[in-house]
Amino acid sequence: MPADAPIAREAVVVPRKPQDGPLNLVGLTREQLRAALIAAGTPEDKAKMRVAQIWQWIYQKGVRDFAAMTNLAKSYRAELAEKFVIEVPEVVSRRISADGTRKYLVRVGGGHEVEIVYIPEEGRGTLCISSQIGCTLTCSFCHTGTQMLVRNLTAAEIVGQVMVARDDLGEWPEPGRAPKNETRLISNVVLMGMGEPLYNFDNVRDAMKIVMDGEGISLSRRRITLSTSGVVPEIARTAREIGCMLAVSFHATTDELRDRLVPINRKWNIEKLLDALRQYPKLSNSERITFEYVMLKDVNDSDEDARRLVKLIAGIPAKINLIPFNEWPGAPYQRSDWERIEAFADIIYKAGYASPIRTPRGEDIMAACGQLKSATERARKSRREIEAEAGMG
């Protein structure tokens, strides 16, 4: 290409507004927001400034009413209110566990519902958000996986989950005051709720760019963890276009068992997955990969499994999160005994890997890992049906 050749720019696609209403500004990238404002009549030479102003009102201050955007002219605020809205998912219910965990059931477009979980800890708070309504993966130990996929969530519905939780926790700055300086209540976001994030890549990427933007919600990429079951072709793309921390739902050390527990393994087996993971820390500048390993009694919790796991991940900067199985009605598995989990963890630790055992949180409100499943989309399956799908029949 000649040195003076023009650089091709990717066209910015602005989401179409619904036929019966104005366009929601939540979830638009900066480029999309700029294009939307220009299309609505904002002069091009002022669009960049308007984007910055509106962006800060929405994502730094949590404002949903254009009339409250006091550094914009009244006439311009009125124009915005005619053509746009600032909307987040509707909270249907909120439950608080005895341990302080909060579970929100929220309603999104089409009347569908998804769940969000907030886990408070000393000096930090983790928000677990969803990327799809339902799930296609049918992991046999996961309650969410027994719910059929309805559709992908939009970028607005994904970033809107973070905004809903900040509303409830009172984390936005008070009007007329500088942003809060104290320890953030939501210090970490994990894409570990309903759905497979890498099957909804574009919307997840755009939502996380908004969450990471320094003039808005402003969470570091190292404070965001995307959990995948192993969509191998999208792993390198995640490193390049998002660059967040990566967690992998691993759960087994042989293809035969992982085919049953995590059926996506039949498409991209352990060898292909590990090959992709070995490149991720280099591409994304991430420190290490988290391997999630649910502890299932007499299924994947032997000393032999632990030693095999250590050999498989050799050469990958990693830690292994051991997750005591969170039982749910009709589950075809049981939680490993605590002594067995500790013995498993000890083998991994002696091999030089961090092996924290995750403390189950929110079990009394079905908010623990693998238990999420929206009330309106429950598939009424018997134990026999679930075991048959898991290949246990």
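The values are calculated or read from the model by the stated rules, or taken from the named source; none is laboratory data. Bear in mind that the values here come from a model prediction, so they are computed numbers and not experimental data. All Cβ positions, even for glycine, are placed from backbone atoms using ideal geometry, and neighbour counts span all protein chains on display.
Miscellaneous remarks
- Failed item in (1) outside any loop (DSSP other than H, G, I, E, B); (2) of a type outside the set (Ser, Thr, Tyr); (3) touching a Phe, Trp or Tyr at 6+ places or on another chain (Cβ under 6 Å), with ALA207 passing the rest: (3)
- Residues that are in contact (Cβ under 8 Å) with a residue 60 or more places away in the chain, surrounded by fewer than 21 Cβ atoms within 10 Å (Cβ to Cβ) and acidic (Asp, Glu), drawn from region 181-222: ASP213, GLU215
- Among helices (runs of 4 or more DSSP H) entirely within region 213-288, having at least 2 residues that are among the hydroxyl-bearing types (Ser, Thr, Tyr) and at pLDDT below 95 singles out 270-284.
- In region 32-59, the residues that are without any contact (Cβ under 8 Å) to a residue 12 or more places away in the chain and of a type in the set (Lys, Arg): LYS46
- None of PRO22, PRO2 is at pLDDT below 95 and surrounded by 15 or more Cβ atoms within 10 Å (Cβ to Cβ) except PRO22.
One line per residue, one yes/no per condition, for (1) at pLDDT 90 or above; (2) of a type outside the set (A, V, I, L, M); (3) closer than 27 Å to ILE96 by Cα; (4) loosely packed, with under 14 Cβ neighbours inside 10 Å:
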residue	(1), (2), (3), (4)
PRO317	yes, yes, no, no
ASN326	no, yes, yes, no
ILE348	yes, no, no, no
ALA368	no, no, yes, no
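To keep it simple, each residue is scored yes or no on (1) within 16 Å of ASP167 (Cβ to Cβ); (2) at pLDDT 95 or above; (3) under 18 Å from the mean Cα position of the chain (by Cα); (4) outside any loop (DSSP other than H, G, I, E, B).
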position: ARG77; (1), (2), (3), (4): no, yes, no, yes
position: LEU80; (1), (2), (3), (4): no, yes, no, yes
position: SER93; (1), (2), (3), (4): yes, no, no, yes
position: ALA98; (1), (2), (3), (4): no, no, no, no
position: GLY110; (1), (2), (3), (4): no, no, no, yes
position: SER140; (1), (2), (3), (4): no, no, no, no
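- Subset of region 298-315 [surrounded by 15 or more Cβ atoms within 10 Å (Cβ to Cβ) and either outside any helix (DSSP H, G or I) or not charged (D, E, K, R) (or both)]: VAL299, ASN300, ASP301, SER302, ALA306, LEU309, VAL310, LEU312, ILE313
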